[in-house]
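A quick write-up on the structure given underneath.
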Amino acid sequence: MTARNVLLSGGLFHPFEKTSAEVAGLLAPLGIHTEVFGDVDAVIDALPDADLFTVNALRWRMHGEKYGPYREEWAFSLPEAGRRVIQAFVSDGGGLLGLHTACLCFDDWPGWRTLLGGAWVWGTSHHPPPAAFRVRTTDAVHPITSGLGEFEIEDEVYSDLALEPDVTPLAVSSEATGGQPLAWARVVGRGRVFYDALGHDERSFGHATHRRLLRRAALWALGRPDSEVEAV
């Protein structure tokens, strides 16, 4: 069974072109065909005919003096029409895969946090520079994390994100890095949502266990049977 994945890519401070290509490549053997878009309007137009929506991008209002030099090119606020399309896509049964900086996107839309399950909070959330740390899966029963155990990866540890009350992490960082929630899955309406805080650069997407986690997450978000998800 083939599926169409519409992927929003692009933004500052991350090699999105490379990481989006990695995502497309790791999903292709599963019969998931990925179309990469850098333009949000094009993504909104494509969503009604998609099965999966992946956000591997950094598109937000860019408030603050630090972002002044980049604001004209990269600042973004999602129009109300686009918000309705995304909300309807998930609520009506579409899959949503949020990667790394997805939690910073669409920062003036409270509904995005509600869909994704969590968000970056300016002045509270933070991360240390990329470094090696251990990831511990916390749910041995969920098909996305069943049998994955612990693994070490070099990445950023997104810390002190604001999570929705119903979010239960599937994976957390080691106690040495604060036991931060790194991945979760949830149902919104008839749709399925997965968020993965890992993925700063292509090294993260090249990690064997991380790739397996993402393959499983995509199949789960598409509503595939648990047995098919766990077999990946």
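Observations on the structure shown:
- Among (1) buried (at least 20 other Cβ atoms within 10 Å of the Cβ); (2) over 30 Å from Gly123 (Cα atoms); (3) among the hydrophobic types (A, V, I, L, M, F, W, C) - the single one Leu7 does not satisfy: (2)
- Filter result for the condition that a residue is over 29 Å from Pro110 (Cβ atoms), out of contact with any Pro (no Cβ under 8 Å at 6 or more places or on another chain) and of a type in the set (D, E, K, R), over Glu150, Glu202, Glu230, Glu154: Glu150
- In the range 196-232, the residues that are within 17 Å of the chain's Cα centre (by Cα) and among the charged types (D, E, K, R): Asp196, Asp201, Glu202, Arg203, Arg211, Arg212, Arg215, Arg216
- Number of the condition not met by Glu228 [criteria: (1) touching a strand residue (DSSP E or B) at 6+ places or on another chain (Cβ under 8 Å); (2) free of Cβ contacts under 8 Å to residues at least 24 places away in the same chain]: (1)
- Considering Trp112, Trp184, Trp120, the condition of being buried (at least 17 other Cβ atoms within 10 Å of the Cβ), at pLDDT 95 or above, in contact with a Pro (Cβ under 8 Å, 6 or more places away or on another chain) and hydrophobic (A, V, I, L, M, F, W, C) is satisfied by Trp184 alone.
- Residues located in the range 155-195, provided they are in contact with a Ser or Thr (Cβ under 9 Å, 6 or more places away or on another chain), hydroxyl-bearing (Ser, Thr, Tyr) and part of a strand (DSSP E or B): Ser159, Ser173
- Matching residues in the range 123-151 - criterion: being out of contact with any helix residue (DSSP H, G or I) (no Cβ under 9 Å at 6 or more places or on another chain) and not charged (D, E, K, R): Gly123, Thr124, His126, His127, Pro129, Ala132, Thr138, Ala140, Val141
- If you go through the range 78-97 and keep only what is assigned to a helix (DSSP H, G or I) and either at positive phi or buried (at least 16 other Cβ atoms within 10 Å of the Cβ) (or both), you end up with Gly82, Arg83, Val85, Ile86, Gln87, Phe89, Val90.
- Residue in the range 80-95 that is modelled with pLDDT of 95 or more and closer than 21 Å to Gly199 by Cα present: yes
- Meets criteria (among the charged types (D, E, K, R) and either at positive phi or touching a residue at least 12 places away in the same chain (Cβ under 8 Å) (or both)) for Glu17: no
- Test result for Asp196, of a type in the set (D, E, K, R), closer than 21 Å to Asn56 by Cβ and at pLDDT 95 or above: yes
- Being closer than 21 Å to Phe194 by Cα and either free of Cβ contacts under 8 Å to residues at least 60 places away in the same chain or surrounded by fewer than 15 Cβ atoms within 10 Å (Cβ to Cβ) (or both) is not true of Ile144.
- Residue check: Phe106 meets all listed conditions (1) of a type in the set (A, V, I, L, M, F, W, C); (2) under 17 Å from the mean Cα position of the chain (by Cα); (3) in a helix (DSSP H, G or I) but one, namely (3).
- The range 30-77 - residue that is more than 16 Å from the chain's Cα centre (by Cα), assigned to a loop (DSSP other than H, G, I, E, B) and of a type in the set (D, E, K, R) and, of those, farthest from Val193 (Cα to Cα): Arg61
The values are calculated or read from the model by the stated rules, or taken from the named source; none is laboratory data. Please read all numbers here as calculations on a predicted model, not as lab measurements. Here the Cβ is made from the backbone with ideal geometry for all residues, glycine too, and neighbour counts use every protein chain on show.
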